[in-house]
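Before any comments, here is the structure.
The values are calculated or read from the model by the stated rules, or taken from the named source; none is laboratory data. These numbers come from a predicted model, not from an experiment. So basically every Cβ, Gly included, is an ideal-geometry build from the backbone, and we count neighbours across all protein chains shown.
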Amino acid sequence: MKTSLVSLVAGAIGALCLGPTYADQFTWTYEGSVIGLNTVDGGHGTLTTGTTPVTGLGGATGYLVTNFTGQWNGLQINFLPPDSFAENSNVLYNDFSGPNGLLLDPGGIAFELSNGVLMSLIGCGDTF
């Protein structure tokens with residue numbers, strides 16, 4: 001089974017500004033490179049969070065992603081539960097309050113593509 005980790009870059013997920021007590025459904029888009037590969041990948045879809053705040057890394061508050069749908073490079077996405085791949089947390093942090101001021105932590109959101117490849121959108125570094 002192939003695996004990949006994808007680092008999010010500025011503007012990768014659109015319209016994901018969460019207020020401190022608000023959770024909902026968001027449209028996401030991504031275009032960027034895969035860590036360790038010289039390719040450009042892209043995806044789009046819908047991300048849904050729960051309504052109960054959760055405490056993530058470093059005590060930061062976020063919401064558990066309960067569904068993540070769409071396509072990645074034209075392949076269907078199958079959302080994976082927390083701790084399924086690369087220590088994914090599936091937590092979306094409030095207002096860039098996650099580790100290093102990011103929306104996602106290093107575990108990120110994990111999913112499997114319809115061709116069996118495991119992927120993870122992650123937050124890393126000091127930018128997003």
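Hey, can you tell me all the residues within segment 78-92 that are free of Cβ contacts under 8 Å to residues at least 40 places away in the same chain and either under 17 Å from PHE26 (Cα atoms) or outside any loop (DSSP other than H, G, I, E, B) (or both)?
ASN78, PHE79, ASN90, VAL91
Within segment 78-102, track down each residue that is at pLDDT below 85, in contact with a Gly (Cβ under 7 Å, 6 or more places away or on another chain) and hydrophobic (A, V, I, L, M, F, W, C).
LEU102, the sole residue that qualifies.
How many residues does segment 44-77 contain that are out of contact with any Ser or Thr (no Cβ under 7 Å at 6 or more places or on another chain) and in a strand (DSSP E or B)? Please lay out each step first, then the result.
Quick first cut of segment 44-77, residues out of contact with any Ser or Thr (no Cβ under 7 Å at 6 or more places or on another chain) only: 47, 51-52, 54, 57-59, 62, 68, 71-74.
From what's left, in a strand (DSSP E or B): 47, 51-52, 54, 62, 68, 71-72.
Residues flagged as out of contact with any Ser or Thr (no Cβ under 7 Å at 6 or more places or on another chain) and in a strand (DSSP E or B) within segment 44-77 amount to 8.
Out of the residues in segment 99-111 meeting the condition of being of a type in the set (Gly, Ala, Ser) and either within 22 Å of THR69 (Cβ to Cβ) or in contact with a Ser or Thr (Cβ under 8 Å, 6 or more places away or on another chain) (or both), tell me which one is surrounded by the fewest Cβ atoms within 10 Å (Cβ to Cβ). Walk me through how you get there before you give the answer.
Taking segment 99-111 as the starting set, the residues that turn out to be of a type in the set (Gly, Ala, Ser) are 101, 107-108, 110.
Okay, now just the ones that are also either within 22 Å of THR69 (Cβ to Cβ) or in contact with a Ser or Thr (Cβ under 8 Å, 6 or more places away or on another chain) (or both), so 107-108, 110.
Values: GLY107: 21, GLY108: 28, ALA110: 27.
Once the filter is applied, the top-ranked residue is GLY107.
Which number in (1) under 21 Å from SER33 (Cα atoms); (2) of a type outside the set (Gly, Ala, Ser); (3) surrounded by 15 or more Cβ atoms within 10 Å (Cβ to Cβ); (4) modelled with pLDDT of 85 or more marks the one condition that VAL65 misses?
The number of the failed condition is (1).
If LEU121 satisfies all but one of (1) more than 13 Å from the chain's Cα centre (by Cα); (2) modelled with pLDDT under 95; (3) closer than 18 Å to THR27 by Cα, what's the number of the condition it fails?
(1) is the only condition that LEU121 fails.
Being among the β-branched types (Val, Ile, Thr) and farther than 17 Å from ASN67 by Cβ is the filter; apply it to segment 26-40 and report the residue that is modelled with the highest pLDDT.
Here the answer is VAL40.
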